[in-house]
Amino acid sequence: MYPEPARHASAERAVEVHQPTPPPPAVMAPAPMVAVQPGAVPSVASIVLPDGRVVTGYAINPVQPEPVAAKPPVSRAAVNVALGGVGFLAVCGGLLLLTTFITALTALITQLITLAAVIFGGWIAVQVLGTRGHGNGTTVNIRKAIFKRNHFHG
């Protein structure tokens with residue numbers, strides 16, 4: 001990577017280059033396990049590296065998202081009261097419609113009876129009060145006898 005330095009005899013004698021030597025790897029025993037009450041102190045994790053060194057530290061738990069605020073549960077009693085109220089209103093509305101229908105039906109039947117009475121009464125009035133050309137009296141034929149103004153003509 002660097003160009004080769006030019007060799008000078010006087011420079012080589014004056015400079016000594018020392019290469020650092022790495023220290024020998026320390027062999028450590030694994031950390032003893034200490035009993036800890038759960039939840040009091042976070043758990044400590046120890047990892048043994050391939051060269052024999054031991055790394056100890058706290059375990060990092062993944063960040064949990066904030067829980068969504070749960071809606072409070074609706075009590076069964078409140079649901080039953082609401083359904084009972086809806087049912088009561090439905091029954092009241094049905095009874096109101098039934099009452100209205102019965103009132104209208106009664107009025108229709110009353111009008112039909114009145115119409116029949118007027119028609120039948122008019123027909124009877126025409127039969128009784130109508131004249132058939134027998135002079136000034138009413139003639140009724142009963143078994144071929146003729147009654148005219150309370151006189152029998154046989």
If you count only protein heavy atoms and use a 1.4 Å probe, how large is the accessible surface of Ile119, to the nearest 10 Å²? 110
Residue by residue through region 65-82, the couplings from Karplus 6.51 cos²θ - 1.76 cosθ + 1.60 with θ = phi - 60°, in Hz, x for Gly and Pro, are x, 4, x, 5, 4, 6, 5, x, x, 8, 6, 5, 5, 5, 5, 5, 5, 5
Using a basic spin-label model with each label point 7 Å from the Cα along Cα→Cβ, how many nm lie between Leu112 and Thr100? 2.2
Please give the contour-minus-distance gain from Tyr58 to Lys71: 0.36 nm per residue of separation, less the Cα-Cα distance, rounded to one decimal in nm. 1.1 nm
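The values are calculated or read from the model by the stated rules, or taken from the named source; none is laboratory data. Since we're looking at a predicted model, the values are computed, not measured. Neighbour counts run over all protein chains shown; Cβ positions are idealised from the backbone, glycine included. To get the accessible areas, we keep the full protein, side chains included, count just its heavy atoms, and leave off ligands, DNA and RNA. Shrake-Rupley method; radii C 1.70, N 1.55, O 1.52, S 1.80 Å.
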